[in-house]
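Below: one structure, written as structure tokens.
Values quoted throughout were computed directly from the atomic coordinates according to the rules given, and no laboratory measurement underlies them. Just so we're clear, the structure is a prediction, and the values are computed from it rather than from any experiment. When we count neighbours, we look across all protein chains shown, and the Cβ atoms used for this are built from the backbone with ideal geometry, even at glycine.
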Amino acid sequence: PEKIYPVHIQTQETRACPPPQTTNVTSEQNATWKQRFQELEMFKFQNWHCDVPQKFEENPSLGAWVARQRVQIRVWEEK
């Protein structure tokens with residue numbers, strides 16, 4: 001399996017944030033992650049920020065994905 005890193009989402013930037021340990025994922029999961037990241041980049045381009053609401057009506061999957069990324073980065077920061 002490929003390795004993947006979470007996204008650290010801040011108000012004015014999106015950057016890769018390598019965790020202490022990587023997570024093994026399938027190619028399908030990796031493709032989905034990359035798709036959501038591209039959606040986030042488009043959201044940022046259109047809105048000038050990455051504060052996607054958790055229940056984003058235009059793209060519920062993106063809102064849920066961003067919320068999971070925020071939780072995951074907090075978990076890794078606490079380690």
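What to note about this one:
- Phi angles across the range 51-60 convert, under the Karplus curve 6.51 cos²θ - 1.76 cosθ + 1.60 with θ = phi - 60°, into 3J(HN,Hα) values of 7, 6, x, 4, 10, 6, 4, 5, 8, x Hz, Gly and Pro given as x.
- When the chymotrypsin sites (Phe, Trp or Tyr not before Pro) in the range 43-79 are filtered for DSSP coil states and for at most 12 other beta-carbon atoms within 10 Å of their beta-carbon, the remaining sites are Trp48.
- Applying the criteria of a DSSP loop state and at most 15 other Cβ atoms within 10 Å to the GluC sites (Glu not before Pro) of the range 26-79 yields Glu57, Glu58.
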